[in-house]
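Please treat every number below as a calculation from the coordinates, not as lab data. Here the structure is a predicted model, which means the values were calculated and not measured. We place every Cβ from the backbone using ideal geometry, glycine too, and count neighbours over all the protein chains shown.
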Amino acid sequence: MSRRIISCERLISASPSIIFDVLADPSQHAAIDGSGTVQGHVGKQSRLSLGSTFAMKMRLGMPYRMKSRVLEFEEGRLIAWGHFGGHIWRYELSEVGEQTLVTETFDWSTSRLPILIQLLRYPRRHMKNMESTLMRLAGLVELPPE
């Protein structure tokens, strides 16, 4: 199977540590989700770290819950999680002057049902969702101009 990855990036006027704190806090995920599917977190959630798990309330037509595990983690620079479907959401941060370049990636190269992802045209639809997510993330962490 060939590698299947789509990415979106945005320069955000905030430090990597501030942005990373939002990404590593599951209670913030509904606020930044550009797809409209993340409805909130389940139970008490602590700051994410490598190997930690977290559960989210989701809605795509009907409500459901999704448990994910942090698969990649470098404080202030990289966080990625995946669930039983096998695909991975990854956020990479790199400082660019006084801004941070945030790259969100949907990696479905390890998906258990890649044909379903293709049939649903999820990769094409997800690019718009990622752009919206990064816009919402910027709105949450950027300070208003003085």
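Roughly how large, in nm² to one decimal, is the mean projection of the convex hull of the alpha-carbon atoms in region 31-111?
6.1
Which of the lysines could a cross-linker span from residue 128 if the Cα-Cα distance has to be under 22 Å and same-chain partners fewer than 8 positions apart are dropped?
Candidates past the 8-residue exclusion: 57.
Taking the Cα centre of region 106-146 as origin, sum charge times position over the Cβ atoms of Lys and Arg (+1) and Asp and Glu (-1), and report the length of that vector in debye to the nearest 20. Could the numbers behind the result be given before it?
Values: 6 positive and 4 negative charges, 85 e Å.
Roughly 420 debye, rounded to the nearest 20.
Quote the convex hull volume per residue of the chain, based on C-alpha atoms, as a whole number of Å³.
Spelled out: Cα convex hull of the chain, divided by residues, is 113 Å³.
Averaging sequence separations of C-alpha pairs under 8 Å and six or more residues apart, then dividing by the length of the chain, give the relative contact order as a whole percent.
Relative contact order of the chain: 32 percent.
Going toward the positive end of the dipole of the chain, with +1 on Lys and Arg Cβ and -1 on Asp and Glu Cβ, which of 109, 91, 129 do you reach last?
109
Determine the principal axes of the Cα atoms in region 46-85, then give the extent along each, sorted from largest to smallest and rounded to whole angstroms.
So the extents along the principal axes, rounded to whole Å, are 34, 21, 15.
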